[in-house]
Ligand code: 13P
């Protein structure tokens, strides 16, 4: 059931668990995530970066595929189709394409410009019943060409953006997209606690979910994080399972080269990873 992310995240915040945002790249990713959410009776957010949107030939294609798949698989758990790290123009494209949720990443703009653009997009999203995420303090690392330095957000700026009526807020707390370097210092819980104290009941978003130790995830949830984004980890397990299949020579046995067989181990690996994360985040049975 395609819905905005507002209600599922308000419930998660109140219930002290988090909903996973899993980024999609193609049909296999989408199907694996939807089926796992349904099996575990968990709400879920499908994240689409601008790069992944382009790869899938545009947001219109993505929205059509997700809507049709949601229907044909008989998915009854709440599913939000969400633009990840959207540009100003990207937000408008996704609104038009039929997404149910958008993220406007204005974190690289001066705060006044972030405020002006976020205000405009909050109105657009809410008039159409969509949810909207904003960001303060860039998330480190690189995702699909979007590069951030990994700053910690200023709690005052978080309050300023939260007060514009966004539905959930991504605040940089030392998190980084992709695999964490060996010398990573961990999440800044000091920053998270300060942001949480400023923004009331606003669900907070933790980007860069890949590789964050379980105990830091649990602590972040206790401090107001209600949405956790995972992308790279699904890519890594998909690649590894596919490598094992090919290295075992299975693509050369019988009709093992059939894409439905070749991609099956990766598909199952994504399902297992999404299940592991939903259990860790506490969203199982919360649909
Ligand atoms: P990872 O790729 O590090 O899991 O980050 C995902 C993310 O934050 C998407 O916005």
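What follows draws every value from the coordinates through simple rules; no lab data is involved. All values derive from a computational prediction rather than experimental measurement. Note that each Cβ is placed from the backbone with ideal geometry, even for glycine, and that neighbours are counted across all protein chains shown.
Results, tabulated for the structure shown:
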| quantity | calculated |
| --- | --- |
| Gain in span if fully extended, residue 183 to residue 284, counting 0.36 nm per residue against the direct Cα distance | 33.1 nm |
| FRET efficiency for residue 124 and residue 61, using Cβ-Cβ distance with R0 set to 25 Å, rounded to 0.05 | 0.70 |
| Extension reserve of the residue 276-residue 14 stretch, reckoned as 0.36 nm per residue once the Cα distance is removed | 92.1 nm |
| Over segment 1-78, relative contact order from alpha-carbon pairs under 8 Å, at least 6 apart, % | 41 percent |
| Beta bridges by DSSP in the chain, antiparallel share as percent, to the nearest 5 | 10 percent |
| Sites residue 151 and residue 7, calculated FRET efficiency, Cβ-Cβ separation with R0 35 Å, nearest 0.05 | 0.70 |
| Fraction of beta bridges assigned by DSSP in segment 139-287 that are antiparallel (%, nearest 5) | 40 percent |
| Area projected by the alpha carbon convex hull of segment 128-264, averaged over all directions, nm² | 11.2 nm² |
| Cα-based Rg of segment 1-66 normalised by 2.2 N^0.38 Å, two decimals | 1.17 |
| Residue with peak Gaussian network fluctuation, the chain [Cα springs, cutoff 10 Å], from 89, 201, 71 | 89 |
| Within the chain, helix-based [θ] at 222 nm, where runs of 4 or more DSSP H residues each add -39,500 (n - 2.57), nearest 500 | -14500 deg cm²/dmol |
| Spin-label model distance (nm) - residue 247 vs residue 116, 7 Å beyond Cα toward Cβ | 5.4 nm |
| Along principal axes, Cα extents of segment 39-82, largest first, whole Å | 30, 18, 12 |
| Hydrodynamic radius of segment 240-287 per Kirkwood, over alpha carbon pairs, in Å | 12.1 Å |
| GNM flexibility winner over the chain from 58, 224, 209 (Cα, springs under 10 Å) | 58 |
| The chain: Cα Rg divided by the 2.2 N^0.38 Å rule of thumb | 0.97 |
| Computed E for residue 258/residue 214 - FRET, C-beta separation, R0 45 angstrom, nearest 0.05 | 0.75 |
| Highest-fluctuation residue, 84, 214, 70 considered, GNM on the chain with Cα pairs under 10 Å | 214 |
| Percentage relative contact order, the chain, counting C-alpha pairs under 8 Å, at least six apart | 22 percent |
| More than 18 Å apart - percent of Cα-Cα pairs taken over segment 80-144 | 30 percent |
| In degrees, nearest ten, helix 189-198 long axis to first principal axis of the chain (Cα) | 60 degrees |
